[in-house]
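Working notes, beginning with the structure itself.
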Amino acid sequence: MTDIMRVFDPTSVIRSLLALVPGIPLAGCLVTGTDSDPVAIASRVAGPDFSLTCMAEVLRPAVFTEQDKHVPVTDNVLELSKIPSTISHHDIRIQTEPARFAHEQVASEFVERTEKIRIMDERIELDVVPPVYRTATKQIKLSDPRTRWKPGCRAEGDGNAATCLETTPARYTSVTQTLVDVPARVVQTRIPAEYMEVQRLIRIKTGQGTGIIPARYRTIQVRRVSKPWQIRVSRQVPQTSRTFHLHLKQRPEQLLKMPALCTDRLQPGQLRHIQLKLQQAGYLSTITGTLDTLTLSALHRYQHDNQLAAGAFTRETLNHMALLDQ
């Protein structure tokens, strides 16, 4: 019986079973792992225990929202012009001296007066004042500052997580705006009536006599508005704007403590499972079973890209990798 048991070696069977499991780097585990016992390797592959017995300070990422912002570059332009009123002219005759006798037996009596003749009526004129523009430069925030965990950085000691943080400053751009400072407007002007003074001889008593000296007249030109002014829109240009895509914080980053794997007690089998997940996601090329800088860097990039709290092997990360029972 002893000879039979000595003949049966489970190593070959376990090797065969492991070879059937797809994606398990058996050779790498045997070469680089600290435990070359195939039975131990098989127990790890079957699913190691991920006990979250430590508390680690991690960075919960910010939550960003995306939105478009429309910024006016030029205002709506409305330019007005005036069509002047049409003034017509015509003549009027004003008697300056009345008719009288050429030979008077009884003299007529006259008085000289100065009269004001209206030659242009009072009117309202409108004048167009063009718009006044101003140029301004506006600063647009394209994105808020972003803080992330430095890939590959390990915070040594409690309260030192801040040493592993790096911040990308906010991004800005500027746009030059040509805006209407004072819009075009119409100004109303009152123009008073225009008069001309005329000397007239007025008869106050009629005499007697013979013969006639005809009356004398003066021709005066007067002006009247035959067609009133008009205001029209000479040019209208719609507002133009530029669109900027913004990334703004809805929730800021936060340093907090979460249950996590104890890195000083991580077993090669646990690390191989994690490294395999990172490899399958395209973040790691080699599975070593050791917690090296490449593994940490891959972990932090994985956490950053998937909006996970970064800096440790947290429950959130292991759940995302499907390494914990949900």
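Any read-out appearing in this document is the output of simple, stated calculations on the displayed coordinates, not a laboratory observation. Computed from a predicted model, the values in this text were never measured in an experiment. Here the Cβ positions follow ideal geometry from the backbone for every residue, glycine too, while neighbour counts run over all protein chains shown.
Between the amide H of S143 and those of R171, H247, distances stay under 5 Å, these residues lying 5 or more places away or on another chain, with hydrogens modeled in the peptide plane. Along segment 96-111 the Karplus relation, 6.51 cos²θ - 1.76 cosθ + 1.60 evaluated at θ = phi - 60°, assigns HN-Hα couplings of 9, 9, x, 5, 8, 6, 6, 10, 9, 8, 10, 5, 7, 10, 10, 9 Hz to successive residues, with x for each Gly and Pro. Placing dummy labels 7 Å off each Cα toward the beta-carbon, the span from H304 to V175 is 3.0 nm.
Remark: segment 227-236, residue by residue, has Karplus-estimated 3J(HN,Hα) of 9, x, 5, 9, 10, 9, 7, 8, 7, 9 Hz, where x stands for each Gly or Pro and the curve is 6.51 cos²θ - 1.76 cosθ + 1.60 at θ = phi - 60°.
Mind ordering 115-126, 304-315, 230-241, 268-279 by average Cβ neighbours within 10 Å, highest first?
With the highest mean Cβ count within 10 Å placed first, the list reads 268-279, 304-315, 115-126, 230-241.
The phi torsions of segment 83-91, fed into the Karplus equation with coefficients 6.51, -1.76 and 1.60 and a -60° offset, translate into couplings of 9, x, 5, 9, 9, 9, 10, 8, 9 Hz, rounded to whole numbers, with Gly and Pro shown as x.
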